[in-house]
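The values are calculated or read from the model by the stated rules, or taken from the named source; none is laboratory data. Since the structure is predicted, the reported quantities are computational estimates derived from the model, not experimental observations. Every residue, glycine among them, receives a Cβ derived from its backbone with ideal geometry; neighbour counts consider all protein chains shown. The protein model used for the area step is the full one, side chains on, heavy atoms only, and it has no ligands, DNA or RNA in it. Shrake-Rupley method; radii C 1.70, N 1.55, O 1.52, S 1.80 Å.
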Amino acid sequence: MSYFARIFPVLAAALIAPSVFAQQPALKVGTASATPGQKAMGYIEVPAGVDAATNIPVIVVRGAKPGPTLALVAGAHGTEYASIIALEKLIGRLDPAEISGSVIIVPLVNLASFNHKVPHVNPVDGKSMNRFYPGKMDGTQTDRASFLITRDVVGQSDYLIDLHGGDLDESLRPYSYWVRTGDAKSDAIRRDMVLAFGLDTIILSDDRPKDPNDSRYLDNTATTRGKPAIAAEAGYAGTVETDDVEALIRGCLGVMHYLKMLPAEAGKPGAAQFVEHPVWIAKVDTVSGEQDGIFYPLVKRGTYVAAGMEVGYVTDYFGKTIQVARAPESGVVLYICAVPTMVKGNVVANIGVVATSAP
Ligand SMILES: [Zn+2]
């Protein structure tokens, strides 16, 4: 995409006559190649290196009309199932005839995690697939996959949404992130994107790396390359609940409305439906396990807790309590350990401290 189109995708798109647009070259991501009006499937082929090769599925939905390119990614953690299923369902729902612009869908980045039911990491190299961006080709499988996703997905997109959820051992209530970088224009676009996504709880995050060569997270990799990106989470503990899946699908469609990639719905002339009065989370307190043992939760995901309140306790293998886990501050339980396994240093709960005013 040209510099002009990158900076002003909507404006540039409007200046290209439809007949000219129809002759545009194919948008190619991995082996998926689509011309305007087409939906194409293929793989991002990650070659073997110091460890095994892998093929990451990719779908390119090329709208019949010009517009921006939005990347939708899930399954960096391959057992965060609700987010993966949301994108799998979206493949069939998106109709190229209706879309202005293109959607690149990568529904399942971490196939080895999915296949072997291993939470948090890629079992091939033991690395989280959302911590090693922008990646490198002379590293392990996670590094190589991250490099190719950065080059082929981020590199060809104007906007990006990375979907996550509670992993097998995390009982999580849905939320999204508004990462602020200090660039007022980009921050404002990403604020609109999280409001258009529509989850009612939004975490404010100001401490992401600013260096694009050490961007670590996928959304941060896009944002630091001038492509506004957000991350959103729904689903928990291996479940695929309709409410969670639909919330993520609605979120992606909401952002597409905001970017004017979908026609206006009846009664909603063109505008995205921003969530009203979200709960803004100013700070996240992590309560961790102090010793190995057995975890017993005392609150559920989404519960509001007061400072000092017990959120759970840990016993040794003989039933003796060895840790009483308390909320360090008042807030909402964003997620709590979903399984009895507790290992020193693992997360007992993340408590979101609610901002006193909307940012
Ligand atoms: Zn995740």
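The listed residues are Pro66, Pro107, and the only one of them that is within 15 Å of Leu160 (Cα to Cα), in contact with a strand residue (DSSP E or B) (Cβ under 7 Å, 6 or more places away or on another chain), modelled with pLDDT of 95 or more and surrounded by fewer than 24 Cβ atoms within 10 Å (Cβ to Cβ) turns out to be Pro107.
Residue by residue, here is whether (1) touching a residue at least 60 places away in the same chain (Cβ under 8 Å); (2) closer than 22 Å to Arg191 by Cα; (3) buried (at least 21 other Cβ atoms within 10 Å of the Cβ); (4) not small (Gly, Ala, Ser) holds:
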| residue | (1), (2), (3), (4) |
| --- | --- |
| Lys127 | no, no, no, yes |
| Phe132 | yes, no, yes, yes |
| Lys136 | no, no, no, yes |
| Gln141 | yes, no, yes, yes |
| Ile149 | yes, no, yes, yes |
| Val154 | yes, yes, yes, yes |
| Tyr159 | yes, yes, yes, yes |
| Asp169 | yes, no, yes, yes |
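Taking the criterion of being away from the ligand (no atom under 14 Å from the Cβ), farther than 19 Å from Asp211 by Cα and touching a Leu at 6+ places or on another chain (Cβ under 7 Å), the only residue of the range 159-196 that qualifies is Arg173.
For the range 37-48, filtering for residues that are open to solvent by less than 50 Å² (accessible area, probe 1.4 Å) and out of contact with any helix residue (DSSP H, G or I) (no Cβ under 6 Å at 6 or more places or on another chain) leaves 2. Would you say Thr142 is within 16 Å of the ligand (Cβ to nearest atom), in a loop (DSSP other than H, G, I, E, B) and either β-branched (Val, Ile, Thr) or within 26 Å of Leu259 (Cβ to Cβ) (or both)? Taking the combined requirement at face value, the residue does not satisfy it. In the range 88-104, the residue that is surrounded by the most Cβ atoms within 10 Å (Cβ to Cβ) out of those that are in a strand (DSSP E or B) and in contact with a Gly (Cβ under 7 Å, 6 or more places away or on another chain) is Ser102. Determine, yes or no, whether Ile351 is among the hydrophobic types (A, V, I, L, M, F, W, C) and over 27 Å from the mean Cα position of the chain (by Cα). Spelling it out, it is not the case that Ile351 is among the hydrophobic types (A, V, I, L, M, F, W, C) and over 27 Å from the mean Cα position of the chain (by Cα).
If only residues of the range 117-135 that are away from the ligand (no atom under 14 Å from the Cβ) and under 16 Å from Ala222 (Cα atoms) are counted, the one that is farthest from the chain's Cα centre (by Cα) is Gly135.
Can you tell me which of Leu204, Leu172, Leu163 is within 30 Å of Thr303 (Cβ to Cβ), touching a Gly at 6+ places or on another chain (Cβ under 7 Å) and at pLDDT 95 or above?
Step by step, each of Leu204, Leu172, Leu163 is checked, and only Leu172 is within 30 Å of Thr303 (Cβ to Cβ), touching a Gly at 6+ places or on another chain (Cβ under 7 Å) and at pLDDT 95 or above.
The set of residues in the range 171-189 that are touching a helix residue (DSSP H, G or I) at 6+ places or on another chain (Cβ under 6 Å) and open to solvent by less than 10 Å² (accessible area, probe 1.4 Å) contains only Ser176. Among the residues of the range 83-97, just one is within 11 Å of the ligand (Cβ to nearest atom) and not polar (S, T, N, Q), namely Ile84. Go over the candidates Ile85, Ile59 one by one and state the one that is aliphatic (A, V, I, L, M) and open to solvent by 40 Å² or more (accessible area, probe 1.4 Å). The conditions single out Ile85.
In the range 51-79, the residues that are under 20 Å from Phe197 (Cα atoms) and of a type in the set (Val, Ile, Thr) form Cβ pairs under 6 Å with partners that are within 16 Å of the ligand (Cβ to nearest atom) and in a strand (DSSP E or B), at six or more places apart or across chains, as follows: Val73/Val106; Val73/Asp162.
Checking each residue in the range 196-229 for being out of contact with any strand residue (DSSP E or B) (no Cβ under 8 Å at 6 or more places or on another chain) and buried (at least 16 other Cβ atoms within 10 Å of the Cβ) picks out Ala196, Gly198, Pro212, Thr224, Arg225.
On the stretch given as the range 311-336, residues that are over 14 Å from Asp285 (Cα atoms) and either among the hydrophobic types (A, V, I, L, M, F, W, C) or part of a strand (DSSP E or B) (or both) total 9.
Listed by first and then second residue, the pairs with beta-carbon distance under 6 Å, at least 6 apart or on different chains, first residue in the range 202-229 and more than 22 Å from Asn350 (Cβ to Cβ), second assigned to a loop (DSSP other than H, G, I, E, B) and of a type in the set (D, E, K, R), are Pro212/Arg225; Lys227/Asp158. Of all the listed residues (Lys283, Lys300, Lys344), the sole one being modelled with pLDDT of 95 or more, open to solvent by 30 Å² or more (accessible area, probe 1.4 Å), in a strand (DSSP E or B) and of a type in the set (Lys, Arg) is Lys283. Screening Leu72 against (1) away from the ligand (no atom under 16 Å from the Cβ); (2) open to solvent by less than 30 Å² (accessible area, probe 1.4 Å); (3) part of a strand (DSSP E or B) leaves a single unmet condition, (1).
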